[in-house]
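The structure appears below as structure tokens.
The values are calculated or read from the model by the stated rules, or taken from the named source; none is laboratory data. Just so you know, these numbers come straight off a predicted model, no measurement behind them. Because the Cβ atoms are built from the backbone with ideal geometry, glycine has one as well, and the counts that use them run over all protein chains shown. Side chains included, ligands, DNA and RNA excluded: accessible areas come from the protein's heavy atoms. Shrake-Rupley method; radii C 1.70, N 1.55, O 1.52, S 1.80 Å.
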Amino acid sequence: IVGLGNPGRAHHADRHNAGFWLLERLARLRGLSLRQESRFHGLAVRDDAAGVWLLMPETYMNLSGKAVSALAGFFKIIPEHVLVVHDELDFVPGVVKLKLGGGSGGHNGLKDISAQLGTQEYWRLRLGIGHPGSRDLVHGYVLGTPRAEEREAIDAAIDRALAVMPQIMTGDLQGAMHQLHTPSATQAVTPNKTATP
């Protein structure tokens with residue numbers, strides 16, 4: 001399970017770090033401490049009870065695949081057994097969805113992971129962050145801090161995702177997907193398209 005983001009305190013509150021937010025909370029819930037693993041280019045820990053590795057790449061977003069491919073290659077983990085948690089511009093804050101495969105949607109972290117793994121057939125857990133309304137504003141938006149109500153909605157989505165993590169960790173991703181995608185699980189705030197980060 002890989003959470004995407006950019007390392008360093010300056011980026012911790014960025015929308016682009018939603019994957020880190022979830023992974024950090026998951027590690028705490030499981031009573032685990034992420035530690036520096038230079039061979040995997042990030043912070044990592046094995047959840048022995050679940051037989052799952054947790055990974056936060058420290059390569060910066062655009063080189064996320066370097067960390068993912070290092071860990072997956074070392075332990076011979078096939079792409080279909082990799083779950084990448086990332087921010088999603090196409091969903092408003094509060095929406096979380098799970099899927100297998102697909103394009104990158106312009107997400108540079110996913111682009112690099114697909115390139116490094118040689119396939120797009122890995123699982124993605126997509127945390128909605130909303131869209132600034134113009135492609136020209138995306139860079140500053142993803143590196144900006146969400147408004148309080150947006151962060152609250154994102155945190156609520158992370159809560160729902162964490163609730164299905166036991167299913168995900170036992171391999172029941174279809175069951176987790178069904179639970180996440182029920183109508184009651186897709187309530188979200190409406191983003192203010194004119195807001196700036």
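For the chain, give the magnitude of the charge dipole about the Cα centre (Cβ charges: +1 Lys/Arg, -1 Asp/Glu; no others), in debye to the nearest 20.
Numbers: 20 positive and 19 negative charges, 36 e Å.
Taking the Cα centre of the chain as origin, the dipole is about 180 debye.
Starting from the amide H of Trp53, placed 1.01 Å from N in the peptide plane, find each other amide H under 5 Å away whose residue is 5 or more places distant or on another chain.
Amide H neighbours of Trp53, under 5 Å, 5+ apart: Asp47.
State the percentage of accessible surface on the chain attributable to carbon and sulfur atoms; use a 1.4 Å probe and exclude ligands, DNA and RNA. Walk me through the intermediate numbers first.
Details: 4760 of 9190 Å².
On the chain, the fraction of accessible area on carbon and sulfur atoms equals 52 percent.
Antiparallel as a % of all DSSP beta bridges within the chain, to the nearest 5? Each step should come with its number before you reach the end.
On the way: 14 of 23 bridges.
Around 60 percent antiparallel, to the nearest 5.
Looking at the range 52-160, send over the antiparallel percent of its DSSP beta bridges, to the nearest 5. Could you put the intermediate results ahead of the total?
Values: 5 of 11 bridges.
Among the beta bridges of the range 52-160, antiparallel pairing accounts for roughly 45 percent.
Please find the FRET efficiency linking Leu29 to His178, where r is the Cβ-Cβ separation and R0 is fixed at 25 Å, and quote it to the nearest 0.05.
Working: r = 22 Å, r/R0 = 0.87.
The pair Leu29/His178 has a calculated efficiency of 0.70.
Per DSSP H run of at least 4 residues, take -39500 (n - 2.57); add these up for the chain, divide by its residues and hand me the 222 nm value, nearest 500 deg cm²/dmol.
Values: 7 runs with 67 residues, N = 197.
Calculated mean residue ellipticity at 222 nm is -10000 deg cm²/dmol.
Under a plain spin-label model, where a point goes 7 Å from the Cα along Cα-to-Cβ, how far apart in nm are His12 and Ala163?
2.8 nm
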